[in-house]
Structure formats: C-alpha cells, structure tokens
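Contents: one structure, followed by commentary.
The values are calculated or read from the model by the stated rules, or taken from the named source; none is laboratory data. Here the structure is a predicted model, which means the values were calculated and not measured. Positions of Cβ are backbone-derived with ideal geometry, glycine not excepted, and every protein chain shown enters the neighbour counts. Heads up: the accessible areas ignore ligands, DNA and RNA and are worked out on the full protein's heavy atoms, side chains in. Shrake-Rupley method; radii C 1.70, N 1.55, O 1.52, S 1.80 Å.
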Amino acid sequence: QVQLVESGGGLVQAGGSLRLSCAAASGRIFSINAMGWYRQAPGKQRELVASITRGGRINYADSVKGRFTISLDNPKNMVYLQMNSLKPEDTAVYYCNAEASIGATKIVMDYWGQGTQVTVSS
C-alpha cells in the first residue's frame, strides 16, 4: 500500500494564498503514474481540482484555472498545489490522490490521503 499525507491547509481571507503539499510513501518500492488534488465541500460530491502525470500532463478544473498551480516532484514522490486568489467557494476538504503500482505489478491502484481543510472567509 501507499500512504499519502497532506499538509498546508488552513484559514485564509478571500484573495489570500495557500500551498498544499502531499507526500507519498510505502514500505515497498512503488511507482507513481499520476497525482492530483480533489476537494469536497459539505453536501457536494468530490471533484477533481487538478491532476498531473509523471510525464507532465496537467488538467485543471475550470473553476481554478489561472489561480491554482499543480506541480510534481518525481524523485520525492510529492505533489503540490499552489492556490492563489482564493475565494469562499474554494472552501472544502482537499484530498491528495495518487495512481500507483507497487513492486513489479502492472496493476495501478488509487490511493487517497486523509484530507486537509481549506477555509476561505469573505
């Protein structure tokens, strides 16, 4: 299995910035295909915020384009989300996601972090 640990959430005013970090670790050798950030607000479904593949292909939700930037540190198996110009509607629990295979298996599994709270006040 792969464990994901997020950090960097908090409370900020509208227009402020936060930087989220996620570290992937395992007791065995593993390979990351892609990592991303999802968020879920109360009463809403979990939605993709941004994702990035090992090869550098990036996908953003329309609502965050131009404000958020995702980056991947392949050697460290870490993904970051720089969030600028934050809005109250960005308030949610943000979850780190990784698509990874363990050992020599070709099977790719999804792994999730515990989530970190981001609250943006008006």
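If you check residue 114 against the conditions, is it in a loop (DSSP other than H, G, I, E, B), under 20 Å from residue 11 (Cα atoms) and touching a strand residue (DSSP E or B) at 6+ places or on another chain (Cβ under 8 Å)? So that I can check it myself, show each step before the final result.
Values: in a loop (DSSP other than H, G, I, E, B): yes; under 20 Å from residue 11 (Cα atoms): yes; touching a strand residue (DSSP E or B) at 6+ places or on another chain (Cβ under 8 Å): yes.
It is true that residue 114 is in a loop (DSSP other than H, G, I, E, B), under 20 Å from residue 11 (Cα atoms) and touching a strand residue (DSSP E or B) at 6+ places or on another chain (Cβ under 8 Å).
Within the range 1-34, take every residue that is hydroxyl-bearing (Ser, Thr, Tyr) and part of a strand (DSSP E or B) and give me the one that is surrounded by the fewest Cβ atoms within 10 Å (Cβ to Cβ). Show your work before the answer.
Restricting attention to the range 1-34, the residues satisfying the condition of being hydroxyl-bearing (Ser, Thr, Tyr) are 7, 17, 21, 26, 31.
Still in the running and part of a strand (DSSP E or B): 7, 21, 31.
On the way: 7: 13, 21: 16, 31: 15.
Residue satisfying both the conditions and the ranking: 7.
Going through the range 62-75 one residue at a time, which ones are open to solvent by 80 Å² or more (accessible area, probe 1.4 Å) and modelled with pLDDT of 95 or more?
If the condition is that a residue be open to solvent by 80 Å² or more (accessible area, probe 1.4 Å) and modelled with pLDDT of 95 or more, then 62, 65, 66 are the ones that fit.
State whether one or more residues within the range 52-61 are closer than 21 Å to residue 114 by Cβ and either surrounded by 14 or more Cβ atoms within 10 Å (Cβ to Cβ) or touching a Cys at 6+ places or on another chain (Cβ under 7 Å) (or both).
Yes: one or more hits.
Among all residue pairs at least 6 apart or on different chains, which show Cβ distances below 8 Å where the first residue, located in the range 56-69, is closer than 12 Å to residue 90 by Cα and the second is open to solvent by less than 80 Å² (accessible area, probe 1.4 Å) and of a type in the set (Phe, Trp, Tyr)?
68/60
Would you mention how many residues in the range 35-51 are open to solvent by 30 Å² or more (accessible area, probe 1.4 Å) and at pLDDT 95 or above?
In the first step, residues of the range 35-51 are kept if they are open to solvent by 30 Å² or more (accessible area, probe 1.4 Å); the result is 38, 40, 42-48, 51.
Filter once more, so that each one left must be at pLDDT 95 or above: 38, 40, 44-48, 51.
Counting residues in the range 35-51 that are open to solvent by 30 Å² or more (accessible area, probe 1.4 Å) and at pLDDT 95 or above gives 8.
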